[in-house]
Amino acid sequence: MRQNYWTLGSFCAAYCRVLTMHHTLEDETFPTLARRKPELKPVVDKLSQEHEVIATVLTQLDHTLTAMMSDESKIDDVRADVALLDRLLTSHLTYEEDQLVAPLSVF
């Protein structure tokens, strides 16, 4: 079972790293987008704020996974953190796609 938890932790770490890199890239490019298309500033501001919320959840998930390594009963806490992350990301990515795909298609 410990090996399964290790595998879960490794997968989550890799996933979180990619997600963090994605959001970092967006946060670096959003100011340019807002300058070029001022009407998108409220959208990029909201997305940037959501990046902070998601980063907090990723940190919490990391702590929960670490706690689970010494206390297997924490698996339910891991499930809750993953469910929260899923809800936040689904909402975030849907909003991002709805608001940015059409305006960005002209670049």
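The values are calculated or read from the model by the stated rules, or taken from the named source; none is laboratory data. Predicted, not measured: the structure shown is a model, and the values here were computed from it. Neighbour counts are summed over all protein chains in view; Cβ atoms, including those assigned to glycine, are modelled from backbone coordinates with ideal geometry. Quick note on the areas: whole protein, heavy atoms, side chains included, nothing else; ligands and nucleic acids left out. Shrake-Rupley method; radii C 1.70, N 1.55, O 1.52, S 1.80 Å.
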Item checked: Radius 11 Å from Cβ of VAL57, net charge of other residues (Lys, Arg +1; Asp, Glu -1) -> -4
Check: Where does the chain land at 222 nm, in deg cm²/dmol rounded to the nearest 500, when only DSSP H runs of n ≥ 4 count, each adding -39500 (n - 2.57), divided by all residues?
Finding: -32000 deg cm²/dmol
Next item on the list: Give me the angle, in degrees from 0 to 90, between the Cα long axis of helix 75-104 and the longest principal axis of the Cα atoms of the chain, rounded to the nearest 10.
Entry: 10 degrees
Margin query: In Å², and per residue, what accessible area does the chain have when probed at 1.4 Å with the other protein chains present?
Written below: 66 Å²
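With +1 assigned to the C-beta of every Lys and Arg and -1 to the C-beta of every Asp and Glu, and no other charges, what is the dipole magnitude of the chain about the Cα centre in debye, to the nearest 20?
Numbers: 10 positive and 17 negative charges, 51 e Å.
About 240 debye.
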Next item on the list: Have a look at LEU40, MET69, THR59 and report the one farthest towards the positive end of the charge dipole of the chain, computed about the Cα centre with Cβ charges (Lys/Arg +1, Asp/Glu -1).
Entry: LEU40
Note to self: How tilted is helix 41-70 with respect to the longest principal axis of the chain? Cα atoms for both, answer in degrees (0 to 90, nearest 10).
What the structure shows: 10 degrees
Margin query: Over the chain, what portion of Cα pair distances is larger than 19 Å, expressed as a whole percent?
Written below: 50 percent
Note to self: Compute the angle between helix 2-36 and the longest alpha-carbon principal axis of the chain, please, reported from 0 to 90 degrees and rounded to the nearest 10.
What the structure shows: 10 degrees
Notebook entry, point to check: How much of the accessible area of the chain, in percent, comes from carbon and sulfur atoms when a 1.4 Å probe is used?
Noted result: 59 percent
Notebook entry, point to check: What residue among LEU85, LEU33, LEU47 has the largest mean-square fluctuation in a Gaussian network model of the chain, using Cα springs under 10 Å?
Noted result: LEU33
